[in-house]
Amino acid sequence: MEPENVIGHPVEVGARNPALRSEFRRGVLASTPVMLGFVPFALVLGAQASRKGFAPVEVPLMTGLNFGGGSEFAVVQLWSSPPHMLLIMAVTFLINSRHLLMGAALTPYLKDLPRRKALLALFFMCDESWAMGLANAKRRAALGIPAFSLPYYMGASLGLYFTWVCFTFLGALLGPVMGNLESYGLDMAFPAVFLVLLKGMWSGPRAARPWLVSLVAGVIACLLLPGAWYVVVGSAAGALSACIWGMKK
């Protein structure tokens, strides 16, 4: 049986491995600055979890199975003894609901993948790997080549995944020794990473209008609504405005 390329089509054996390795390596290298930005934020989460009574081994289980930083911080903040599981599940779903929109935006580029590969790609999707994968797909599409590069995406995603899981574990181990890691200002790393990602996706003021709508709607919802509804409201408002402006073109 012939091997398949990244979109499921047969390719020659000799042409396969070097190209895939090169794309995978390109994804790892492209995500390296973001990985470094993950480190302090992951240490803070691990330290906070250890103060809430999480055993060190429980922290990488949580971050590895969920892989959603915002919801994990919320879980740690809400954690009590005994934990209110229904509340924690509801908040986790609410905060991670943005992944529904992110996955929908990525789906057109995944449609030619076998289902098992598409599901694997979506499992490892986080905000940063989504932004990098989508931007790379758009650049490739503009060049007239197959848009989605699974090796590139997985190189970026796996690097981010293992950095997050490993350093949240390290934070859980070091937290009791180092004390309050937030006092070092490490929690500012994550907003800085998002600003860098936004700069990389910037294509002009007109294309950024949904960002502004999302920001304004999210801020208003944060001020007026309890809990994490601002995540859903901001995401939905941005997506709706993008659809409306897209239909007018």
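The values are calculated or read from the model by the stated rules, or taken from the named source; none is laboratory data. It should be emphasised that the depicted structure is a prediction, and the values quoted were computed from it without experimental measurement. All Cβ positions, even for glycine, are placed from backbone atoms using ideal geometry, and neighbour counts span all protein chains on display. Areas reflect the complete protein model, heavy atoms only, side chains present, ligands, DNA and RNA absent. Shrake-Rupley method; radii C 1.70, N 1.55, O 1.52, S 1.80 Å.
Tabulated data
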quantity: Identity of the residue in segment 136-177, in a loop (DSSP other than H, G, I, E, B) and within 14 Å of residue 121 (Cβ to Cβ), that ends up farthest from the chain's Cα centre (by Cα); calculated: 147
quantity: Condition met for residue 104 (part of a helix (DSSP H, G or I), open to solvent by less than 40 Å² (accessible area, probe 1.4 Å) and modelled with pLDDT of 85 or more); calculated: no
quantity: Some residue of segment 75-82 being open to solvent by less than 50 Å² (accessible area, probe 1.4 Å) and in a helix (DSSP H, G or I); calculated: yes
quantity: Any hit, segment 112-122, residues being closer than 25 Å to residue 76 by Cβ and under 15 Å from the mean Cα position of the chain (by Cα); calculated: yes
quantity: Count of residues meeting criterion [at pLDDT 90 or above, charged (D, E, K, R) and over 20 Å from residue 173 (Cα atoms)] in segment 9-65; calculated: 3
quantity: Condition check for residue 89: farther than 14 Å from residue 166 by Cβ, in a helix (DSSP H, G or I), modelled with pLDDT of 85 or more and open to solvent by 30 Å² or more (accessible area, probe 1.4 Å); calculated: yes
quantity: Residue match in segment 145-165 (condition: open to solvent by 70 Å² or more (accessible area, probe 1.4 Å) and small (Gly, Ala, Ser)); calculated: no
quantity: Residue satisfying all of: in segment 123-133; part of a helix (DSSP H, G or I), open to solvent by less than 60 Å² (accessible area, probe 1.4 Å) and without any contact (Cβ under 8 Å) to a residue 60 or more places away in the chain; nearest to residue 164 (Cα to Cα) among these; calculated: 130
